[in-house]
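Engineer: Here you go, one structure.
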Amino acid sequence: MPRRDSAFLFDLDGTLVDSVYQHVLAWKEALDTEGIELSVWRIHRRIGMSGGLFTRMLLRETGLEISEERRQRLYDAHAAAFNRQHTQGAVRPLPGARELLAHLTAQGIPWAIATSGQLRTAIHNLEALGVDPAKVPVVTRDQVRHAKPDPDLFLAAAERLGVDITRAMVVGDSVWDMLAARRARALGIGLLSGGYGEDELARAGALRVYEDPADMLKRIDEVAARG
C-alpha cells in the first residue's frame, strides 16, 4: 500500500534524463531556421521554463516582435530537432535515475513526473526512462495553464497522486524548478545534472543539492522519511 505521508515530484529533462543540452541545440537549430541569432549560453539559462516565457525572453534579448504564427513554427522546429536526436540515441537516462524510481516504488513512496515539455517531446524521454504514463502520473505542459516557474505542473502532479503538496518534495535541475516548488509550497531538491550550480539552486530554494539521481539515491535517507 503506497504511503501518503510524503511524495516526490520529478522534473524530467536534466533531472531524470540527460537531455538538457540536446534541448539547447534543438532550440538553437529552430532559432537559426527562423533567422534569429541568440547565443547558446543564453538558451541554456532558460531551459526548464515554459515555451511561452522562453519566447518572451527572446523579445527582451533580441528586440524582435514574434507573431503567434512564428512562435508556433519555433515550437514545431524545436520538437522536430529534439526528437531527431532521440532517434540517433543521443538522449539517455541519467545515472541512477531508473534505480532511484525503483527504490521509491519498492518503499511505497508515491512519485510523479511534471515537465515543462509538451507530450510530443516528453514521450521519448519517458520511453528512454522506461516510464509508462498509463501507470505513472505524468503531467506535461499540454495539461496545465502555466508551466514553470509557475507552480501549476507540480500542483497538478500532487493532485494526481492524492497527496498534500506541502508534504511533497520537488526534484529538479534548474532554478525554474526550485522557484515553482516554492510557489507551490513544496520542498525543493536540486540536482547539478542540468548545468546549474549548487549556489544558484540553493538561492532559488533547494533544501538539498545532489550531483545526479545516483548521488541522491546514495543519500536518500536525508530526504525520504522511513516507514
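The values are calculated or read from the model by the stated rules, or taken from the named source; none is laboratory data. Note that the structure is a prediction, hence the values are computed from the model and not measured. A quick note on method: Cβ atoms are made from the backbone with ideal geometry, for glycine too, and the neighbour counts reach across all protein chains shown.
Engineer: Kindly provide the set of residues from the stretch 188-201 that are of a type in the set (Gly, Ala, Ser) and either surrounded by fewer than 16 Cβ atoms within 10 Å (Cβ to Cβ) or in a loop (DSSP other than H, G, I, E, B) (or both), ordered by number.
Structural biologist: If the condition is that a residue be of a type in the set (Gly, Ala, Ser) and either surrounded by fewer than 16 Cβ atoms within 10 Å (Cβ to Cβ) or in a loop (DSSP other than H, G, I, E, B) (or both), then GLY195, GLY197 are the ones that fit.
Engineer: Among the residues of the stretch 149-158, what is the count of those that are in contact with a helix residue (DSSP H, G or I) (Cβ under 6 Å, 6 or more places away or on another chain) and either of a type in the set (Phe, Trp, Tyr) or not in a loop (DSSP other than H, G, I, E, B) (or both)?
Structural biologist: Adding up the residues that qualify gives 3.
Engineer: What's the number of the only condition in (1) closer than 30 Å to ALA224 by Cα; (2) modelled with pLDDT under 85; (3) of a type in the set (Ser, Thr, Tyr) that SER19 fails to meet?
Structural biologist: (2)
Engineer: Which residue is surrounded by the fewest Cβ atoms within 10 Å (Cβ to Cβ), if the candidates are limited to the stretch 167-187 and must be more than 15 Å from the chain's Cα centre (by Cα) and within 20 Å of LEU101 (Cβ to Cβ)?
Structural biologist: Filtering first and then ranking leaves ARG167.
Engineer: Quick check: is even one residue across the stretch 159-168 under 15 Å from THR15 (Cα atoms) and either outside any helix (DSSP H, G or I) or of a type in the set (A, V, I, L, M, F, W, C) (or both)?
Structural biologist: no
Engineer: Does the stretch 143-166 contain at least one residue that is under 25 Å from TYR75 (Cβ atoms), β-branched (Val, Ile, Thr) and surrounded by 23 or more Cβ atoms within 10 Å (Cβ to Cβ)?
Structural biologist: There is no residue in the stretch 143-166 that is under 25 Å from TYR75 (Cβ atoms), β-branched (Val, Ile, Thr) and surrounded by 23 or more Cβ atoms within 10 Å (Cβ to Cβ).
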